[in-house]
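Worksheet for the structure shown next.
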Amino acid sequence: MGVIYMTYLGIPAQWFERKRSIANAIPAAGAGTGGIIYSLAIQSMIENIGLGWTYRTLALVSLTANLVSAAFLRDRHKATASRHTAFQFPLLRRAEFVLLLGWAIFSTLGFVAVNFSLPNFAVSIGLSSHQSSVVGALHNLGQGVGRPLIGLLSDRWGRLNVASVLSLVCAGFCFAIWIPAQDMAVVSVFATIGGMVSGTFFATVAPVIVEVIGLQDLPGALSILWLVLISPGAFGEAIAQALRRPAWGTAAYQPVQVFSGILYIAAALCLWFVRGWKVQQNMREESEQASQHKDLTDVVVYAKEGEEEEGEVVRKSVWRDPVGLGREMVRWYRV
């Protein structure tokens with residue numbers, strides 16, 4: 001399951017440019033809709049056909065879905081001249097890529113903490129197991145509805161803009177709605193609208209990487225990113241459970257709620273720094289094009305997708321200009 005779970009993410013980005021975000025977000029929304037179906041069907045299946053046949057049925061469904069998907073899946077590696085280095089470790093020398101990894105780590109930790117703690121939190125405040133399963137289904141519903149909307153907004157207002165802002169919005173929901181939630185109504189509201197933005201990372205990761213690193217280096221960047229995310233994905237919920245305080249009664253999950261909110265704030269800050277870097281880069285390129293003066297020691301030169309010549313891309317990092325970086329971080333710019 002781990003081998004096939006995220007393999008699709010690099011494919012839609014190769015086929016789309018102007019609508020790249022929505023093309024990536026629609027298949028990402030399948031995790032939400034599939035989660036609704038599974039969460040509502042599994043308990044009924046266990047009661048009617050037993051645990052063993054429930055797992056066999058789920059295995060057959062997964063096998064059929066993956067075989068059909070694999071039969072229709074096509075990449076454009078040749079057309080985009082993708083570099084197929086398994087792990088492009090030179091990318092780790094680029095500050096913007098390291099910050100992208102920070103965004104990925106904090107977003108994944110926050111998502112795992114929210115996604116897997118929410119049903120247990122519902123039980124901790126006195127809701128029934130049936131109500132807690134409904135809460136989990138509502139969270140999946142939010143993901144199924146929210147991720148395509150995130151893709152639409154991302155294509156319209158800029159991929160870095162939307163991803164960073166919505167990461168911060170999710171933090172706000174954790175503090176403003178999840179912490180005070182003590183009944184089914186408020187928990188349901190948080191599960192739904194929180195689910196719409198908690199998976200922003202999964203809906204936008206490939207388009208954001210293309211904006212920052214380029215389409216040709218997308219496979220190598222994703223391979224490093226998934227390797228880095230093994231630990232956050234595996235231990236995120238264990239950390240959340242360790243933070244619980246059962247002696248606090250209905251406030252037992254308050255440390256988890258605060259932890260989740262802080263993680264999403266950290267994710268937003270990482271990506272906001274990358275946004276400032278990208279804005280400053282674009283402004284420099286536009287200034288150079290306007291003056292028709294090409295000084296390759298001061299600007300970053302990117303060739304068009306699929307047309308880059310061999311050799312290293314000439315690059316001058318704008319991280320050496322913190323004043324300019326801070327100025328561009330607050331400038332409105334579609335990026």
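So the values come out like this:
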quantity: Failed item, numbered, when residue 179 is tested on (1) over 30 Å from residue 15 (Cβ atoms); (2) modelled with pLDDT under 95; (3) more than 17 Å from the chain's Cα centre (by Cα); calculated: (2)
quantity: Count of residues meeting criterion [hydrophobic (A, V, I, L, M, F, W, C), assigned to a helix (DSSP H, G or I) and surrounded by 14 or more Cβ atoms within 10 Å (Cβ to Cβ)] in segment 214-255; calculated: 11
quantity: Identity of the residue in segment 182-213, surrounded by fewer than 21 Cβ atoms within 10 Å (Cβ to Cβ) and more than 18 Å from the chain's Cα centre (by Cα), that ends up farthest from residue 134 (Cα to Cα); calculated: 182
quantity: Residues satisfying the stated conditions in segment 92-111, i.e. among the hydrophobic types (A, V, I, L, M, F, W, C) and buried (at least 22 other Cβ atoms within 10 Å of the Cβ); calculated: 100, 103, 104, 105, 106, 109, 111
quantity: Residue tally, condition among the aromatic types (Phe, Trp, Tyr) and more than 25 Å from residue 244 (Cβ to Cβ), over segment 164-215; calculated: 1
quantity: Residue among 106, 202, 111 that is within 19 Å of residue 225 (Cβ to Cβ) and either among the β-branched types (Val, Ile, Thr) or in contact with a Leu (Cβ under 7 Å, 6 or more places away or on another chain) (or both); calculated: 106
quantity: Candidate set from segment 11-27 (those that are farther than 15 Å from residue 73 by Cα, crowded, with 21+ Cβ neighbours inside 10 Å and not hydroxyl-bearing (Ser, Thr, Tyr)); member that is nearest to the chain's Cα centre (by Cα); calculated: 25
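The values are calculated or read from the model by the stated rules, or taken from the named source; none is laboratory data. Because the structure is a prediction, the values reported are computed rather than measured. Cβ coordinates were reconstructed from backbone atoms using ideal geometry, including for glycine residues, and neighbour counts include every protein chain displayed.
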